[in-house]
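Structure record follows, encoded as structure tokens.
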Amino acid sequence: MTPTTAPAHRAVPLAVSPEVADALHEGRPVVALESNVITHGLRYPDNAATARKVEQAVRAGGAVPATIAVEGGRIVVGMTDADIDRFASTPGIPKVSSRDLPVVLAEGRAGALTVASSVVAAELAGIPFFSSAGIGGVHRGAATTMDISSDLVQFTRSKVAVVCAGAKKILDLGLTLEYLETQCVPVVSYRSDDFPAFYCVSSGFRSPVRMDDEALIARAIENHWALGNPGGFLVTTPVRPQEAIDGAEVDAALTGAMAAAERDGVRGQAITKYLMRAVDAATDGRSSRANTAVLISTAEVGGRLAAAHARVRAAAS
């Protein structure tokens, strides 16, 4: 019999910007950023301006930003200013999670990446750090709805360190922490005792671990992967107190909004936007401003931690 060769897997096309490619080649720190905040956050041109401020914050932290999207059957790693402006001003660009990536790539459509799909793309590109204002989690009422964010599942699969301000207060944050513990995803809070809640300094839950030293966090991340773990590492950093929203105020707004959502039959992916808008209305728009602030502050910390991680890797080589 003539021996046969198994067909090679088709590689997903990556369009990596020259700046990001050079940084990765030279071992300099890079931080991946999601594009979903451009298309499904603020209105144009504020969304484009905020995306640029987030990238500037990563640079201020000492790293190269790489905002990621999909377009033309490729994963674009490192969007240009023109890309950002086009995505920000074009209505109807869909939100693409990791489940949706293969279909959107096959069809060649444009798509804005969420946390889950961004960490998939970051790992493919060889970027070990990703920053987001807040991750998804276990939704309230998940015991009956089974509504658990794909972010949490993807953290068990992609070797990317995720820097965030915890998860949104609209979620069941106690169960979110339980899920992460069950799935063996390390959770470390940077210079904070508590697990934060997006634009709230604290969720009311203590963090599993507090670490104040950036190099120590970098070594812990390297140890996680050296131990053979297949997934990610979560580092939380709270919003600055002067930019935060009071947790009790958010809880009060959520109580009425969740009752209204149940009455109106709002479920699934629509519930997050519904509740966030209700909180924004209840806080007279302050939560939107806090949303922007936490995007920027988290990106700056992400840049610093990525820079510390690059130094640790360089010292070990």
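The values are calculated or read from the model by the stated rules, or taken from the named source; none is laboratory data. Please read these numbers as outputs of a predicted model, since none were measured by experiment. Because the Cβ atoms are built from the backbone with ideal geometry, glycine has one as well, and the counts that use them run over all protein chains shown.
Quick notes
- Residues located in the stretch 104-161, provided they are of a type in the set (D, E, K, R), closer than 17 Å to His224 by Cβ and touching a Gly at 6+ places or on another chain (Cβ under 8 Å): Arg157, Lys159
- Matching option when the condition is part of a loop (DSSP other than H, G, I, E, B), of a type outside the set (Lys, Arg), farther than 26 Å from Ile271 by Cβ and modelled with pLDDT of 95 or more, among Ser158, Ser192: Ser192
- Ala257 vs. criteria surrounded by 14 or more Cβ atoms within 10 Å (Cβ to Cβ) and on the phi < 0 side of the Ramachandran plot: yes
- Flag for Thr298 being buried (at least 21 other Cβ atoms within 10 Å of the Cβ), touching a residue at least 24 places away in the same chain (Cβ under 8 Å) and of a type in the set (Ser, Thr, Tyr): yes
- Figure legend. Inter-residue proximity from the stretch 46-67: first residues among the acidic types (Asp, Glu), second residues buried (at least 23 other Cβ atoms within 10 Å of the Cβ) and modelled with pLDDT under 95, beta-carbon distance below 7 Å, spacing 6+ or different chains. No pairs are indicated.
Conditions tested, residue by residue: (1) under 19 Å from Ala15 (Cα atoms); (2) among the charged types (D, E, K, R); (3) in contact with a Ser or Thr (Cβ under 8 Å, 6 or more places away or on another chain).
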| position | (1), (2), (3) |
| --- | --- |
| Val120 | yes, no, yes |
| Ser150 | no, no, yes |
| Ser158 | no, no, no |
| Cys164 | no, no, yes |
| Ile170 | no, no, yes |
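- For the stretch 161-172, a residue qualifies if it is aliphatic (A, V, I, L, M), within 14 Å of Thr236 (Cα to Cα) and assigned to a strand (DSSP E or B), and the qualifying residues are Ala161, Val162, Val163, Ala167.
- Residue match in the stretch 135-151 (condition: under 29 Å from Ala23 (Cβ atoms), of a type outside the set (Asp, Glu), without any contact (Cβ under 8 Å) to a residue 60 or more places away in the chain and assigned to a helix (DSSP H, G or I)): yes
- Within the stretch 209-240, being of a type in the set (Lys, Arg), within 18 Å of Asp193 (Cβ to Cβ), at pLDDT 95 or above and not in a strand (DSSP E or B) holds for no residue.
- Taken as a whole, the condition of being buried (at least 16 other Cβ atoms within 10 Å of the Cβ), closer than 30 Å to Arg286 by Cα and aromatic (Phe, Trp, Tyr) does not apply to Phe233.
- Failed condition for Arg109, given (1) more than 30 Å from Glu26 (Cβ to Cβ); (2) surrounded by fewer than 24 Cβ atoms within 10 Å (Cβ to Cβ); (3) within 16 Å of the chain's Cα centre (by Cα): (3)
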